[in-house]
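Just below is one structure, and these are the notes that go with it.
The values are calculated or read from the model by the stated rules, or taken from the named source; none is laboratory data. Predicted, not measured: the structure shown is a model, and the values here were computed from it. A quick note on method: Cβ atoms are made from the backbone with ideal geometry, for glycine too, and the neighbour counts reach across all protein chains shown.
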Amino acid sequence: MNEFEEFQNAWKDQTFDIKEIDMDKIKLDAKKLDKNILRRNSLEWIACLIIIPIFIKHALEAKTVFSSLMNIEIAFGALFIGLHLFYRGRKIKAPQDSLNSEGFLQHERDEIQKQIKLLSNVRYWYVAPIFIGLIGLTSEKIYLKWDANNLPMGLIAYLISCILLAAGIIWLNEVKAVNELKEKLKGLS
Amino acid sequence: MNKLDFKEIYSEFKISVERISFYFEKNKEKQNELNQDIWIRVWKSLENFNNECSLKTWIYRVAHNTAINHVIKDKKNKSLMPLEDVFVSTENLEQNLENKQSIDLLNEIIFTLKPLDKELVILYLEGNTQEEIEVITGLSKSNISTKISRLKNILKKIMQKKESSNE
């Protein structure tokens, strides 16, 4: 046996302090994984199904045409977001089990690129559909309650919070999350 | 492939999968989690195995892909390097081999490698042929040859230095 083979055998003979698996737990965890994915996809639809009727109801009960339109805008915005996420979810393909590592890495790179593209446009497909309506409704309320001697501070504060929240969501996704994904992509090159 | 064969598959590939978990995750707790995740993935994927490759190739692919996915998700894994950037100088070998076994030094080098290079090193040291490594990783023959040549140089330096420090 040559020196390299001895070294190789010594390397192969290493033992690792890793727990034995529990076969039954593995099978249970595998089932839970499927349920979690299903639950996550359902939650998005449930959120849409709650938001849409609430805002349709507000639209029907609205006192002005403008607020009616804004409520309808929010309802359709929520539907649009739901459909967008559903459509995008259908396009995501899990890598085949039999893929070799190079193929798997390429698949992951492609998926990260798609996520970067999606998150880079959050202001258009996620923020705008909801916040145009919210900001519109709040602005209308401020306008109707405007009194130079007694400013509707609560509503003004709410409007500012909405704008800041929208800006925050855009920053978290288009800047922070995208930068993190780009770092991940570098690590996969 | 029958799910009843899972126990046999586990017995046969247990050490290889533990090795992958060890090198793809330094934290002990997370090594156990990764090991578990790999076997969950193997279990779920069993019904899709239709002998398009050998069972060994298939298990290795599933295991390595799960480990690579683990690395991708871990935000801390930013400082991994390719095999070509591993520099084993005479000075740092002297320093490192004073207190460590050469295997430990090799392990430290493997920990720092990018996923695909880490996989190649593990597969090579386990005794897989270049053809087998090509099938499992998808890397080209020439790429594998170059990387193995680089690895052999690194191993030679580690073994030479250990020899001279033993004298």
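A few remarks follow.
- Qualifying residues in region B:31-44 (those that are out of contact with any Phe, Trp or Tyr (no Cβ under 8 Å at 6 or more places or on another chain) and in contact (Cβ under 8 Å) with a residue 12 or more places away in the chain) - the one nearest to the other protein chains (Cβ to nearest Cβ): B:N35
- Test for B:I109: is it in a helix (DSSP H, G or I), within 28 Å of B:F13 (Cβ to Cβ) and modelled with pLDDT under 85: no
- Flag if A:L185 is under 29 Å from A:E44 (Cα atoms) and aliphatic (A, V, I, L, M): yes
- Of the criteria (1) more than 14 Å from chain B (Cβ to nearest Cβ); (2) more than 14 Å from the chain's Cα centre (by Cα); (3) surrounded by 15 or more Cβ atoms within 10 Å (Cβ to Cβ), which one A:R123 fails: (2)
- Pair list, Cβ < 8 Å and 6+ apart or interchain, from region A:1-22 residues that are more than 8 Å from chain B (Cβ to nearest Cβ) to residues that are assigned to a helix (DSSP H, G or I) and loosely packed, with under 13 Cβ neighbours inside 10 Å: A:M1/A:N9
- Selected residue (criterion: modelled with the lowest pLDDT) from residues of region A:141-182 that are among the small types (G, A, S) and within 30 Å of A:A62 (Cα to Cα): A:A148
- Within region B:6-28, restricting attention to residues that are more than 10 Å from chain A (Cβ to nearest Cβ) and free of Cβ contacts under 8 Å to residues at least 12 places away in the same chain, the residue that is farthest from B:V121 (Cα to Cα) is B:E8.
- Failed condition for A:L43, given (1) within 14 Å of another protein chain (Cβ to nearest Cβ); (2) free of Cβ contacts under 8 Å to residues at least 24 places away in the same chain: (1)
- Of the listed requirements (1) modelled with pLDDT of 80 or more; (2) surrounded by 12 or more Cβ atoms within 10 Å (Cβ to Cβ), A:W45 misses just one: (1).
- Among (1) more than 14 Å from chain B (Cβ to nearest Cβ); (2) touching a Lys or Arg at 6+ places or on another chain (Cβ under 8 Å); (3) surrounded by 15 or more Cβ atoms within 10 Å (Cβ to Cβ); (4) not small (G, A, S) - the single one A:K91 does not satisfy: (3)
- Positions within region A:101-142 being in contact with a His (Cβ under 9 Å, 6 or more places away or on another chain) and polar (S, T, N, Q), in sequence order: A:S101
- Restricting region B:106-165 to residues that are free of Cβ contacts under 8 Å to residues at least 12 places away in the same chain and basic (K, R) leaves a set whose member that is farthest from the other protein chains (Cβ to nearest Cβ) is B:K141.
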